[in-house]
Amino acid sequence: MAWQTYILIGGGVLSLILLLLYIFGGEEEEVAERLERYVRSTPGHREETRTRPSTRRALPFSESLNRAIAGRGFAEDLRLQLARADLKVTPAEFLAIQILTAIVGFILAQLFFRFVPLALLGLIAGFFAPRLYVAWRQRRRLQAFNAQLGDAINLMVNGLRAGYSILQAMEAVARELPPPISTEFDRVVKEQQLGLSLEQALNNMLRRVHSDDLEMLVTAILIQREVGGNLAEILDTISFTIRERVRIKGEIRVLTAQQMISGHVLLFLPIGLGLILFGINRDYMLNFFNSGILGYFMIACTAVMMLIGYFVIQRIVRIEV
């Protein structure tokens, strides 16, 4: 029985690796395909872009699955989350990855713990692991974008004072600064070159990058286009405000780092120790489950108190600037 389990584990891990290589090993998407994923304009435009051929390789079943889930709320939300994480993956491919990671998590948990309830927890953890990765990429990308936004606005201000138009200033940002901010401003420029208005292109960028600082920038540009005014002076003031917010957030992050780590330790250390003890001395840990309702009640109370402590600590150290 053991060798069959190892074969299943090897097959599951190999399938997951091949799937990831198949998806991410393709060519970079063209501008038209990126617009199909990120731009939402008229219904006719949506139908037209969906029928364009793609240069990126896709799974054999992904097109049919994408058509089956097209228009559904969860698929559109998943598409938006993948766009914010800058992952070149369709919702169907992402769902396939979730299913494979869930199967691998179930097999690994069953092999290590040999206990069905914990194997089911491994199944759930494997299913949500790609979602956690997407959320992590979103946070990291948003932090990098906010850190670069002050420099980008300064570059736009210098360009406007030198006689550039707003579009030329954005082209300078896309050309001079590193990703992710160069990627986003380059998309704005290309979307406008392909027929979208500046307001639509900026709103699309704001939907991809859910940043309060970017929202302030977009609002200032759109208001200036309506009522006029010195855009360079406005952006200069916004740049100073954003730089101060980034500085203050950095200081707060340093001052609250110990409390943040304490919250994570309080949550994950008991879980990790419990799983390690279960793997080392399975019979001893099974006493919790063999004690009837009392054992389950103790586990439930422990989990609830751990979650309460974690969220209380997170609420205390979360300071809005």
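The values are calculated or read from the model by the stated rules, or taken from the named source; none is laboratory data. Just so we're clear, the structure is a prediction, and the values are computed from it rather than from any experiment. For neighbour counting, all protein chains shown are included, and Cβ atoms are generated from backbone atoms with ideal geometry for every residue, glycine included.
Pairs meeting the criteria (first residue in the stretch 135-148 and in contact (Cβ under 8 Å) with a residue 24 or more places away in the chain, second residue part of a helix (DSSP H, G or I) and β-branched (Val, Ile, Thr), beta carbons under 8 Å, at least 6 apart or on different chains) are Ala144/Ile181; Phe145/Ile181; Asn146/Ile242; Asn146/Val246; Ala147/Val246; Gln148/Ile181.
Filtering the stretch 228-239 to residues that are of a type in the set (A, V, I, L, M) and touching a residue at least 40 places away in the same chain (Cβ under 8 Å) leaves Leu231, Ala232, Leu235, Ile238.
Here the stretch 277-299 is the region considered, the condition is being hydrophobic (A, V, I, L, M, F, W, C) and either on the phi > 0 side of the Ramachandran plot or loosely packed, with under 11 Cβ neighbours inside 10 Å (or both), and the residue that is nearest to the chain's Cα centre (by Cα) is Ile280. Looking at Val189, is it in the same structural domain as Thr241 (by TED's automatic domain parsing), farther than 17 Å from Ile242 by Cβ, crowded, with 17+ Cβ neighbours inside 10 Å and over 19 Å from the mean Cα position of the chain (by Cα)? Answer is yes for this residue. The set of residues from the stretch 99-114 being crowded, with 17+ Cβ neighbours inside 10 Å and either under 26 Å from Tyr284 (Cβ atoms) or without any contact (Cβ under 8 Å) to a residue 40 or more places away in the chain (or both) comprises Ala102, Gly105, Phe106, Ile107, Leu108, Ala109, Gln110, Phe113. Contact map, the stretch 241-252: first residue farther than 15 Å from Val317 by Cβ, second residue surrounded by fewer than 17 Cβ atoms within 10 Å (Cβ to Cβ), Cβ cut-off under 8 Å, separation 6 or more or different chains; pairs are Thr241/Met216; Ile242/Met216; Arg245/Val321; Val246/Ala147.
Given the condition touching a residue at least 12 places away in the same chain (Cβ under 8 Å), farther than 21 Å from Leu160 by Cα and among the aliphatic types (A, V, I, L, M), answer yes or no: does some residue in the stretch 206-227 qualify? Within the stretch 206-227, one or more residues are touching a residue at least 12 places away in the same chain (Cβ under 8 Å), farther than 21 Å from Leu160 by Cα and among the aliphatic types (A, V, I, L, M). Is it the case, given these coordinates, that Phe145 is among the aromatic types (Phe, Trp, Tyr), assigned to a helix (DSSP H, G or I), buried (at least 19 other Cβ atoms within 10 Å of the Cβ) and under 27 Å from the mean Cα position of the chain (by Cα)? Yes. Total residues in the stretch 177-205 satisfying the condition of being free of Cβ contacts under 8 Å to residues at least 60 places away in the same chain and outside any helix (DSSP H, G or I): the figure is 5.
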